[in-house]
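What follows is a set of notes on a single structure, which appears directly below.
The values are calculated or read from the model by the stated rules, or taken from the named source; none is laboratory data. Note that the structure is predicted; figures quoted are calculated from it, not measured. In this analysis, Cβ positions are derived from the backbone assuming ideal geometry, glycine residues included, and neighbour counts consider all displayed protein chains. Surface accessibility is based on the protein's heavy atoms, side chains included, excluding ligands, DNA and RNA. Shrake-Rupley method; radii C 1.70, N 1.55, O 1.52, S 1.80 Å.
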Amino acid sequence: MTIIGNLKMNKTNTQVKDYIMKLLPRYEMGRHEVVLCLPYTALSTAKFLLDGSDIKLGAQNLCDDEVGKNTGEISGEMLHDCGVEYVIVGHSERRAKYKDNAKAINKKIKIALKNRLKVIFCVGESLAEKNLLKTFETLKAQIEDGLKGLYENELENIVIAYEPIWAIGSGKTPLAKEIDASIKSIRKVIENDFSLKAAQKIEVLYGGSVDNKNCSSIAKLGQVNGLLIGGACLDAINFSQLIKDVKV
Ligand code: PEP
């Protein structure tokens with residue numbers, strides 16, 4: 001199982017230090033692929049503190065350009081150089097608030113891969129799209145736009161996170177059968193655009209209001225290869241318990 005904590009814009013460098021010092025003694029290596037997606041300002045500190053553990057370092061965004069005149073941005077090369085192994089692309093908060101459109105997301109994915117970063121590619125429908133029964137259509141468009149121009153072997157470095165926008169931070173989650181059906185539809189798009197083998201192999205995570213109570217049942221769903229966690233990873237002790245509770 002892959003378990004990813006997205007701390008979003010929470011915790012200063014000092015607070016991340018404290019967070020990791022609480023997490024590490026409660027963390028059992030080798031059970032899961034655990035990734036911490038931290039604010040840029042804490043990446044170097046975290047890299048140093050995580051040395052010797054198998055917890056991977058992740059970032060939450062990267063620039064859609066490679067170098068130069070992009071004041072305030074961070075490049076894929078800079079992330080890789082800091083020891084970052086994963087980067088989130090296409091999170092719904094960035095699509096909505098920071099105008100990460102389909103073209104920018106596709107460029108970010110390509111730049112991340114070029115810089116040997118694994119991409120956590122977020123897709124998901126809004127409540128309006130769900131109510132209009134447009135979930136599968138939305139997911140298809142997001143996946144095809146995001147993965148446009150990629151070679152099949154590059155999918156090995158892509159993890160898809162299915163995150164219904166209405167489930168993020170709301171305390172609401174889809175029914176188990178809805179999660180499975182949406183992820184199946186994601187695999188169908190990969191099968192049509194790449195191959196059956198790629199569709200079976202690609203890791204698809206679920207994210208959106210996963211907490212200490214529902215994590216183990218969601219993780220057990222047939223289509224789910226892991227979890228992307230927001231709110232429930234903010235407390236290191238809670239998060240370490242959640243990681244222990246996911247048994248598959
Ligand atoms: C997220 O924003 O990616 C997320 C999964 O958040 P939460 O777990 O808080 O719903």
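Computed values, structure above
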read-out	value
Residue-wise HN-Hα coupling along region 98-115, computed from phi with Karplus coefficients 6.51, -1.76, 1.60 (Hz; x: Gly, Pro)	10, 6, 6, 8, 4, 5, 5, 5, 4, 5, 4, 4, 5, 5, 4, 5, 4, 9
Whichever aspartates and glutamates have a C-alpha closer than 13 Å to that of residue 130, once near sequence neighbours (fewer than 8 apart) are set aside	163, 178
Sulfur and carbon atoms: percent of accessible area, the chain [1.4 Å]	52 percent
Centroid-to-centroid separation of region 55-123 and region 21-44 [C-alpha atoms, Å]	20 Å
Percent breakdown of C-alpha pair distances by 5 Å bin, ordered from the shortest bin, for region 10-109	2, 12, 21, 22, 18, 12, 8, 4, 0
Ratio Rg/Rh [Cα only; Rh per Kirkwood] for region 2-245	0.94
For region 166-218 and region 143-158, distance of Cα centres in Å	18 Å
Selection of trypsin sites (Lys or Arg not before Pro), region 188-248, meeting DSSP coil and at most 15 other Cβ within 10 Å	213, 220, 247
Trypsin sites (Lys or Arg not before Pro) restricted to region 103-151 and DSSP loop, no more than 16 other C-beta within 10 Å	116, 134, 148
Reachable aspartates and glutamates from residue 197, criterion Cα separation under 16 angstrom, eight or more residues apart if same chain	152, 154, 156
Neighbour-limited loop hits for chymotrypsin sites (Phe, Trp or Tyr not before Pro), region 41-148 (at most 14 other Cβ within 10 Å; DSSP other than H, G, I, E, B)	98
Those lysines that a straight Cα-Cα span of less than 26 Å connects to residue 17, excepting residues fewer than 8 apart in one chain	8, 47, 56, 118, 244
Per residue accessible area in Å² of region 2-245, where ligands, DNA and RNA are left out and the probe is 1.4 Å	48 Å²
Global geometry of region 61-148, whether rounded, prolate or oblate, following the gyration tensor of its Cα atoms and the 1.5 cut on a/c	prolate
Mean ellipticity per residue at 222 nm, deg cm²/dmol - from DSSP H runs of n ≥ 4 across the chain, formula -39500 (n - 2.57)	-11500 deg cm²/dmol
